[in-house]
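Worksheet for the structure shown next.
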Amino acid sequence: MTVRVQEADFDIGAELAALRAGDARIGALASFMGLVRDINDGAGVSEMTLEHYPGMTEKALKEIVAEAQSRWDIYGALVIHRVGPLKPCDQIVLVAVTSAHRGEAFAACEFIMDFLKTRAPFWKRETTPDGARWVDARDSDNSAAERWAE
Amino acid sequence: MSVKVLYFAGLKEALGIGSETLDLPAGVSTAGELRQWLAGQGRERLATARNLRCAVNQDMVAADSPVRDGDEIAFFPPVTGG
């Protein structure tokens, strides 16, 4: 499993190639990428800054991936999350999972994203024409995470 | 006992401080009691903030979780990454 929190951008093609390199057991690779939009809650967004809790953020992401590994038969998992200043169209997050068949990869990838959204300490602050504001958590994100309850 | 307290995001901005090391009085032995005590020490935003989360030693905890000497305790708003 690989978890990285970084300011730098990443190359999705190179990351996915590295995740599956040389492993002929892998029959499926599912990935999700989150991107900065130029609108949120009805206001234009010109810039976004992501803050995190160094140490806890990485720990939380590793625990989420470990939980996915215990629930599904997956081979590899990758989480990259950017922090610092970002602009619309920028890449924010990449989650990718490999497995023998697509079901496990799809499910584990979605599970990791749903838990990342509600458990990993990141906070978005966005710049709009009315000034900067901290983004509010969405109830729909909590509902998304809760549907995985066993 | 002495603990390190961290604040993040909108809470850090409202308080104007990101971290502090504090000696706690007797009677402050849980995360919830620490929050109440801090609010009474002039950090009113800790009393008024909605849905505030708390982590002790980098694990998310409930308000009744114990805090101990040397702990790192963080308060922050609900997370919004991804």
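The values are calculated or read from the model by the stated rules, or taken from the named source; none is laboratory data. Not measured: the values here are computed from a predicted model. FYI the Cβ positions are ideal-geometry reconstructions off the backbone, even for glycines, and counts take in every protein chain you see.
Residue B:19 is checked against (1) on the phi > 0 side of the Ramachandran plot; (2) within 14 Å of chain A (Cβ to nearest Cβ) and fails just one. What number does that condition carry? Condition not satisfied by residue B:19: (1).
Tell me yes or no: at least one residue of segment B:2-10 is basic (Lys, Arg), surrounded by fewer than 19 Cβ atoms within 10 Å (Cβ to Cβ), under 19 Å from residue A:121 (Cα atoms) and without any contact (Cβ under 8 Å) to a residue 40 or more places away in the chain.
There is no residue in segment B:2-10 that is basic (Lys, Arg), surrounded by fewer than 19 Cβ atoms within 10 Å (Cβ to Cβ), under 19 Å from residue A:121 (Cα atoms) and without any contact (Cβ under 8 Å) to a residue 40 or more places away in the chain.
Please give the number of the condition residue B:47 fails out of (1) modelled with pLDDT of 95 or more; (2) in a helix (DSSP H, G or I). All conditions pass for residue B:47, except number (1). Being aliphatic (A, V, I, L, M), touching a residue at least 24 places away in the same chain (Cβ under 8 Å), within 13 Å of residue B:77 (Cα to Cα) and surrounded by 17 or more Cβ atoms within 10 Å (Cβ to Cβ) holds for only one residue in B:31, B:49, and it is B:49. Exactly one residue out of A:66, A:107 is exposed (fewer than 15 other Cβ atoms within 10 Å of the Cβ) and in a helix (DSSP H, G or I), and it is A:66. Mind counting the residues in segment A:125-142 that are part of a strand (DSSP E or B) and either without any contact (Cβ under 8 Å) to a residue 24 or more places away in the chain or in contact with an Asp or Glu (Cβ under 8 Å, 6 or more places away or on another chain) (or both)? Here the count works out to 7. Would you say residue A:90 is more than 16 Å from residue A:32 (Cβ to Cβ) and either surrounded by fewer than 23 Cβ atoms within 10 Å (Cβ to Cβ) or in contact (Cβ under 8 Å) with a residue 60 or more places away in the chain (or both)? No.
Filtered by the rule that a residue be closer than 26 Å to residue A:137 by Cα, assigned to a loop (DSSP other than H, G, I, E, B) and touching a Phe, Trp or Tyr at 6+ places or on another chain (Cβ under 8 Å), segment B:1-44 gives B:8, B:17, B:18. Each residue in segment B:35-61 was checked for being of a type outside the set (S, T, N, Q) and away from every other protein chain (no Cβ under 14 Å), and 10 of them qualify.
Residues that are in contact (Cβ under 8 Å) with a residue 24 or more places away in the chain, among the aliphatic types (A, V, I, L, M), in a strand (DSSP E or B) and crowded, with 16+ Cβ neighbours inside 10 Å are absent from segment A:36-46.
Scan segment A:87-120 residue by residue and report those that are within 12 Å of another protein chain (Cβ to nearest Cβ) and either among the small types (Gly, Ala, Ser) or over 14 Å from the mean Cα position of the chain (by Cα) (or both). If the condition is that a residue be within 12 Å of another protein chain (Cβ to nearest Cβ) and either among the small types (Gly, Ala, Ser) or over 14 Å from the mean Cα position of the chain (by Cα) (or both), then A:120 is the only one that fits.
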